1. From the residues in region 170-184 that are in contact (Cβ under 8 Å) with a residue 40 or more places away in the chain and more than 33 Å from the chain's Cα centre (by Cα), which one is nearest to Asp270 (Cα to Cα)?
2. Taking region 251-274 only, how many residues are modelled with pLDDT of 95 or more and buried (at least 21 other Cβ atoms within 10 Å of the Cβ)?
3. Within region 43-59, is even one residue closer than 30 Å to Glu243 by Cβ, among the polar types (S, T, N, Q) and modelled with pLDDT under 95?
4. For region 314-332, name all the residues that are farther than 15 Å from Tyr155 by Cα and outside any loop (DSSP other than H, G, I, E, B).
5. So, in region 298-323, of the ones that are in contact with a strand residue (DSSP E or B) (Cβ under 7 Å, 6 or more places away or on another chain) and among the small types (Gly, Ala, Ser), which residue ends up nearest to Gly129 (Cα to Cα)?
6. Consider region 138-183. How many of its residues are in contact with a strand residue (DSSP E or B) (Cβ under 9 Å, 6 or more places away or on another chain) and of a type in the set (Gly, Ala, Ser)?
7. Consider Glu149 against the criteria (1) farther than 21 Å from Asn234 by Cα; (2) buried (at least 19 other Cβ atoms within 10 Å of the Cβ); (3) of a type outside the set (Ser, Thr, Tyr): it satisfies all of them except one. Which criterion is unmet?
8. Hey, can you tell me all the residues within region 338-350 that are under 19 Å from Ser379 (Cα atoms) and crowded, with 17+ Cβ neighbours inside 10 Å?
Amino acid sequence: MEIKKPRGTRDFLFKEMEERKYVENTLRRIFETYGYSEIKTPIFEELSLFTTKSGEGIKEQIYHFQDKGGRDLALRPELTAPVARLYINELQKNPKPIKMYYFGSCFRYERPQAGRFRQFWQFGCELIGGKVPGSEAEIIAMSGHCLEELGLEGYEIHIGNLGILRNIINGAGIFGEEHDQIMGLIDKGDVEALQDLLNELKVDDRSKKTLLKLIGMKGDGDILDDVEAIVNYNEKSLEALFEVRELLKALEAFDFHDYIVNLGIARGLDYYSGTVFEIYVHGLGAQKQISGGGTYNLIEIFGGEEVESTGFAFGFDRVMEALRKQKAEIPVTGHVDVFVTPINKDVKLKAFEIAQKLRKSGVSTDVDLAGKKLKKVLSHANTAGIKYVVLVGARELEEGKVTVKNMESGEQELVDASGIADYFQN
């Protein structure tokens, strides 16, 4: 019987894991440069954590189950809610702002397709209790810094503000579930369904025209003058527009200029409060969005204090796919610098001894455990990118020596066996 991996999951082999580790470590380095510290949360949580955040309908999209104690649990479909739960459990009394980042696998029960898997990875952060627009600007600048460092090309960072849209809708007398329906259709980009809903709800002509104009507006900071002319009758939308202007000034201070103002970005959930942003990479088809984020008050809906968070997450797998499609240079180097091989079985134990001495001195070392012929050892070293091969022979050992072969130059030299660790550390 052949046992296959579960549908919607993947195996990652050596080279691909090296590439993923490089990208992961690059993101870690950038996040930590900005003062973020790593956290980890459980892979499964109480089911109510996700239904409270997203509604009962989320159960159709996730893996959930009862454990042997009858508790309703779920494999996490994302990491924002677990971070909010962790904050409430552990960090409410900590000084703010709190900067944390995470990297981990998530699970959704949906039909696997190109770019969408049932197990996937997110790399993201939360800044809890930071003042806007500074915290928003720093996070957006950091997201761009990450992609720049990875060498990704052709990405676009789109920035919007939900306050502008929400206040136009509220000004038309639309609240609650109907309000969220409108925002959900804007989020999906379904203009036809949006027009039908606005007509069904008997939204006044001015509000309707304003909304339909706003969601199509994209450009640089100069379009904000046009936005102001459209929403100048709604004082609260003008206040939200002022927030956008302040955010763009802060982005300039963070030396970040490569963005697109996009008033069509929306969220269907009402805990999002102001700035939202998304990152797209063209060439990925329907899965072009590699990141999304914004400012929200999620902690309060779980019974915590009223405190705003700003965060975002990279879809790690989509970032990897974008880099792959662009044939980006991802440095992949072998783990092993030195390969120790005995010339014959009589000196096998001495070869083990030398290999272990190198390892304990911090030199990455492999040793021939299979009794390969020298030709195969050298071929393996070439293929694996190993820099040196240490040849352990009985005749050389009698003089206290081993032979070190430089695989790049082909040169060989005799080295004192007792000082082999020093040789590779100098």
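1. Here the answer is Asn170.
2. Within region 251-274, residues that are modelled with pLDDT of 95 or more and buried (at least 21 other Cβ atoms within 10 Å of the Cβ) number 3.
3. yes
4. Keep residues of region 314-332 that are farther than 15 Å from Tyr155 by Cα, which gives 317, 329-332.
Passing the criteria: only Asp317.
5. Ser309
6. 5
7. Status for Glu149: all satisfied but (2).
8. Val338, Phe339, Val340, Thr341, Pro342, Ile343
The values are calculated or read from the model by the stated rules, or taken from the named source; none is laboratory data. Worth saying up front: this structure is predicted, and the values here are computed from it rather than measured. Cβ atoms come from the backbone with ideal geometry, glycine included; neighbour counts cover every protein chain shown. SASA here: full protein model, heavy atoms, side chains in, ligands and nucleic acids out. Shrake-Rupley method; radii C 1.70, N 1.55, O 1.52, S 1.80 Å.
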